[in-house]
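All remarks here apply to the structure that follows.
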Amino acid sequence: MMADDAAEARWKKLTLTGPKTPGGELLRRYWQPVALSKEFPPGSPPRHHRIMSEDLVLFRDDQGIAGLLGLRCPHRNADLSFGRAEDGGLRCPYHGWLFDVRGQCLDQPNIPLEHRSPEQIRQKAYPCIERGGIVWTYMGPGSPPELPAYPFLDAPEGHVYAMVWPSACNYLQGVEGNIDPSHTSFLHRISPPSGAQNPSMAGFKADTAPRLSVVDTSFGLRLLAERTIDEKGTVMLRSSNFILPNAASANGSEGALGLGGCSILWHVPIDDTSHIRFEIMYHAKKPLPIADYEAGRLKELDDNGVRIRTMANRYLQDREEMKRNTYAGVGYSFPIHDLFVTESMGGISDHRTEHLTVSDMAIGRARRELLRAIEQVEAGGEAPSQDRSGRFDDFVTFTAMIDKGTDVKQYASDMASRRIYEPEPQG
């Protein structure tokens, strides 16, 4: 029974992220994406935003600066998402109290002048910054670290594309789907009607049981997956990453454009049984086919922008399609494939009933890294793998064809030093 209790405690530490939970305390010590700038432009109305089981209001003041405040006005608990963005802040619709992006009350217009004390009123507020087409927030204690130098933050126009997908499951299920290389040979196996094919797809089909190795990095873990793809022993090597505490990277469609591309995915908890998947696709050397990406995304949404395939309609799984074109029978969108299987695990998948194998090497390592990080913060230490200077030098995501016998760890280390994410000189 004691072993069962310990397993349950570990499971809860990894999956629960509300205020004052050990996992939540860790996630709050890292910058988290809140919204896409293109979907929350200046002039947008305030919106109720729930993150890690906290109810907040995301707004822009009349200068276009983003802020994230507690949802309830500290005067009489009215919902500030119905407020007015004016006069340097957000004004409560009930009595007109005004709060700036730092949470400082600026005005109490319903109170006689001699009794006003706005300087004594502070609303919960989390700092926001805007970089790379994303509004970010830091919800932890003290001053925030520098935002890590993710490759896409200063992307040239046309070289980055971002989208979000609401997901009806725990954030960790989403993260772990990205560091599970063998699933790509099955879940994502497709034969598009157009005949267009990701160059890596042949490799996924040729070798469905990749050899895995995991390397420690400054930001988390580098995962190397080797597949033998021909009789000569040529190896398709893919480098993906677990980025503490709730992000990952892999080569997605942008990988077809050659070296210099990556997709980075954040899984930001809404609460313990739902999260938002932020997906940012970037290529340093070539512009992305953004119109194609956007068309593919829109095919999966109804006229109100709501995802069509859900558990309620069993993701419109088509058994005839499974015989001809796709392994899973749920269309051609890789994000939908991922959402389909991670949501099918339930709101919070019970790790105690799993049977992990060597193919789950990265998942086991990532869980141990997360537990170590959580316990380090619980003990009063700094959140690990969070270089407060913002460096991100050893990050690299790629797919490469290499000779049999190549030292893959050294190959990946050399690739990281090549600075493949620097944009080509313009003009």
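Pick from the range 1-19 the residues that are assigned to a helix (DSSP H, G or I) and among the aliphatic types (A, V, I, L, M): which of them is nearest to ARG72 (Cα to Cα)? Per the criteria, the residue is LEU14. Using the structure shown, decide if ALA155 is hydrophobic (A, V, I, L, M, F, W, C), modelled with pLDDT under 95 and buried (at least 20 other Cβ atoms within 10 Å of the Cβ). Judged against the criteria, ALA155 is a match. Evaluated against (1) farther than 30 Å from GLU157 by Cβ; (2) in contact with a His (Cβ under 6 Å, 6 or more places away or on another chain), HIS337 falls short on exactly one condition, (1).
Of everything in the range 328-378, what is in a helix (DSSP H, G or I), exposed (fewer than 14 other Cβ atoms within 10 Å of the Cβ) and β-branched (Val, Ile, Thr)? Give them in sequence order. Across the range 328-378, the qualifying residues are THR353, VAL358.
Residues in the range 79-110 that are more than 17 Å from CYS128 (Cβ to Cβ), among the aliphatic types (A, V, I, L, M) and open to solvent by 20 Å² or more (accessible area, probe 1.4 Å): LEU106 alone. When we screen ARG309, ARG418 for residues that are open to solvent by 60 Å² or more (accessible area, probe 1.4 Å) and either outside any helix (DSSP H, G or I) or aliphatic (A, V, I, L, M) (or both), the only hit is ARG418. Please specify each residue of the range 230-288 satisfying the condition of being β-branched (Val, Ile, Thr) and under 27 Å from GLY23 (Cβ atoms). Within the range 230-288, ILE243, ILE264, VAL268, ILE270, THR273, ILE276, ILE280 meet the criteria.
Within the range 136-175, the set of residues being aliphatic (A, V, I, L, M) and more than 13 Å from the chain's Cα centre (by Cα) comprises MET139, LEU147, ALA149, LEU153, ALA155, VAL160, ALA168.
Would you point out which residue out of ALA149, ALA162 is open to solvent by 20 Å² or more (accessible area, probe 1.4 Å), out of contact with any Cys (no Cβ under 8 Å at 6 or more places or on another chain) and not in a helix (DSSP H, G or I)?
One residue alone meets the criteria, ALA149.
Of the residues in the range 262-281, none is farther than 29 Å from GLY132 by Cβ, assigned to a loop (DSSP other than H, G, I, E, B) and open to solvent by 60 Å² or more (accessible area, probe 1.4 Å). On the basis of being without any contact (Cβ under 8 Å) to a residue 24 or more places away in the chain and either touching a Pro at 6+ places or on another chain (Cβ under 8 Å) or open to solvent by 50 Å² or more (accessible area, probe 1.4 Å) (or both), does MET322 make the cut? The answer is yes for MET322.
For the range 243-259, how many residues are assigned to a loop (DSSP other than H, G, I, E, B) and open to solvent by less than 30 Å² (accessible area, probe 1.4 Å)? Going through the range 243-259 one residue at a time, the tally reaches 5.
Among the residues of this structure, ARG309 counts as one that is closer than 24 Å to ILE190 by Cβ, touching a helix residue (DSSP H, G or I) at 6+ places or on another chain (Cβ under 9 Å) and without any contact (Cβ under 8 Å) to a residue 60 or more places away in the chain. Note on the range 20-77: residues that are open to solvent by less than 50 Å² (accessible area, probe 1.4 Å) and not in a loop (DSSP other than H, G, I, E, B) amount to 24. Residues of the range 111-128 that are assigned to a strand (DSSP E or B) and surrounded by fewer than 17 Cβ atoms within 10 Å (Cβ to Cβ): ARG122 alone.
The residues of the range 215-228 that are farther than 16 Å from MET415 by Cβ and surrounded by fewer than 18 Cβ atoms within 10 Å (Cβ to Cβ), listed by number, are ASP216, THR228. Taking the range 169-194 as the range and being open to solvent by less than 60 Å² (accessible area, probe 1.4 Å) and either in a loop (DSSP other than H, G, I, E, B) or at pLDDT below 90 (or both) as the test, the residues that pass are CYS169, ASN170, ASN178, ILE179, ASP180, LEU187, HIS188, SER191, PRO192.
Set side by side, the residues THR353, THR357, THR326, THR342 differ, and just one is more than 29 Å from SER253 (Cα to Cα) and of a type in the set (Ser, Thr, Tyr), which is THR353. For the range 198-242, filtered to residues that are part of a helix (DSSP H, G or I) and touching a residue at least 24 places away in the same chain (Cβ under 8 Å), the residue that is nearest to TYR138 (Cα to Cα) is GLY203. Taken over the range 221-245, residues that are within 23 Å of VAL377 (Cβ to Cβ) and modelled with pLDDT under 95 amount to 0.
Across the range 292-302, a minimum of one residue is classified as surrounded by 13 or more Cβ atoms within 10 Å (Cβ to Cβ), among the small types (Gly, Ala, Ser), at pLDDT 95 or above and not in a strand (DSSP E or B).
The values are calculated or read from the model by the stated rules, or taken from the named source; none is laboratory data. Keep in mind the model is a prediction, meaning the values are calculated, not measured. We place every Cβ from the backbone using ideal geometry, glycine too, and count neighbours over all the protein chains shown. Protein only, heavy atoms only, side chains kept; ligands, DNA and RNA dropped before computing areas. Shrake-Rupley method; radii C 1.70, N 1.55, O 1.52, S 1.80 Å.
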